[in-house]
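A short worksheet on the structure shown next.
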Amino acid sequence: SKSNIGSFGGAFNGTIIDSVSYATVYGVNNVGGLIGIKGQSMGPCRVYDSEFHGTVEATGTYAGGIIGSGYYGKGTAPNTPCVTIQDCLVTGAVQGRDYVGGILGGEPGCEQNWVNGIGRIQNNLFAGTIQASGSNVGGTIGYLTSLNRFNIVSNNFFAEGSGATKGIGRIKNIDISSERFGRTDKPADEDADKLAKAATAVELGDGTTLAALNSGVNSSGNWIQGFAHPERGSGKYLRSLIIAGYENKRYTTDDVVDFDGMSATAIYSDNSTEAVTGVVYTG
């Protein structure tokens, strides 16, 4: 009879990396394979390079293979940053009444994502099964309250025959009008497959989906071909890039940025580091 349930976190803020769960996760609302719900409005909630192979059983709403729900403040935080899920694999079963997604159940609270809180759902694969009685059901995401240029959803795949017919079950509002936040694509129509696409058994098994996952924007490139579908590999890959040397510099509009003294360091999945030379800064 409890809500906000996940293998590793119920109401969670922070980052989960390289984690795997085979649990059976029970709950009412906001139930996820790894995280139940984003806990605090402005804090990050991110999952990278992780897997769920168990079962999510929600008797209510917002159930997801990785995260059940983004932050929901009942209108108190309409600009809460959306959750980030990248390079994750779900092969388990996800069950809920409504707002059910193979990767993310949904984002009920974000009415307009801002540049200081970009959310990314990228390069994920759902190869499990979905059961839901409602209409907000997606192979990747069940429901989005809004989708603007700072909601970055791209290059996700879900197995054909999984129980979902669309990558994103429903998008309430798509911002295509505002100069600052508006999108230039048509994510609910002809561009929908660029956000989340159904993959046939042949495509999952012959390397087609594998190549797409490894070549996606921001992909870790650490997918390998399994027997029936791509799986997460164990190789070393670039996890992040840290830029230093600008902390005491402050700029205003039209200033020329001084890159002297700035340095870049690559952080790899095994926590090793490497200085990066020849970095070009743009924008």
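Residues in the stretch 59-69 that are assigned to a strand (DSSP E or B) and among the small types (Gly, Ala, Ser): Ala63, Gly64, Gly68, Ser69. Regarding the stretch 239-250, can at least one residue be identified that is open to solvent by 70 Å² or more (accessible area, probe 1.4 Å) and either touching a Lys or Arg at 6+ places or on another chain (Cβ under 7 Å) or modelled with pLDDT of 90 or more (or both)? Checked against the condition, which is being open to solvent by 70 Å² or more (accessible area, probe 1.4 Å) and either touching a Lys or Arg at 6+ places or on another chain (Cβ under 7 Å) or modelled with pLDDT of 90 or more (or both), the stretch 239-250 yields no hits at all.
Screening Gly6 with (1) under 21 Å from Ala164 (Cα atoms); (2) open to solvent by 10 Å² or more (accessible area, probe 1.4 Å) gives one miss only, at (1). Scanning the stretch 133-161 for residues that are at pLDDT below 95 and touching a helix residue (DSSP H, G or I) at 6+ places or on another chain (Cβ under 7 Å) yields a single hit, Phe150.
Yes/no per residue for (1) in a loop (DSSP other than H, G, I, E, B); (2) farther than 22 Å from Ser234 by Cα; (3) modelled with pLDDT under 95:
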| site | (1), (2), (3) |
| --- | --- |
| Ser1 | yes, yes, yes |
| Gly10 | no, yes, no |
| Val25 | no, yes, no |
| Asn29 | yes, yes, no |
| Gly36 | no, yes, no |
| Gly43 | yes, yes, yes |
| Glu57 | no, yes, no |
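Note on the stretch 211-237: residues that are over 18 Å from the mean Cα position of the chain (by Cα) and not polar (S, T, N, Q) total 10. If you check Ser162, Ser135, which single one turns out to be of a type outside the set (Phe, Trp, Tyr), under 19 Å from Gly33 (Cβ atoms) and assigned to a loop (DSSP other than H, G, I, E, B)? The unique qualifying residue is Ser162. Does Ser178 qualify as being farther than 19 Å from Glu107 by Cα, crowded, with 19+ Cβ neighbours inside 10 Å and among the hydroxyl-bearing types (Ser, Thr, Tyr)? Criteria not met by Ser178. Residues in the stretch 220-260 that are touching a Phe, Trp or Tyr at 6+ places or on another chain (Cβ under 8 Å) and either of a type in the set (Ser, Thr, Tyr) or without any contact (Cβ under 8 Å) to a residue 60 or more places away in the chain (or both): Ser220, Gly221, Gly233, Lys236, Tyr237, Leu238, Val257, Phe259.
Here is the figure for the stretch 185-202: residues that are in contact (Cβ under 8 Å) with a residue 24 or more places away in the chain and not aliphatic (A, V, I, L, M) total 5. In this structure, Val217 does satisfy being surrounded by fewer than 13 Cβ atoms within 10 Å (Cβ to Cβ) and either in contact (Cβ under 8 Å) with a residue 40 or more places away in the chain or outside any loop (DSSP other than H, G, I, E, B) (or both).
The values are calculated or read from the model by the stated rules, or taken from the named source; none is laboratory data. This structure is a prediction, so every number in the text was calculated from the model and none was measured. So basically every Cβ, Gly included, is an ideal-geometry build from the backbone, and we count neighbours across all protein chains shown. Just the protein is used for accessible areas: all its heavy atoms, side chains included, with ligands, DNA and RNA removed. Shrake-Rupley method; radii C 1.70, N 1.55, O 1.52, S 1.80 Å.
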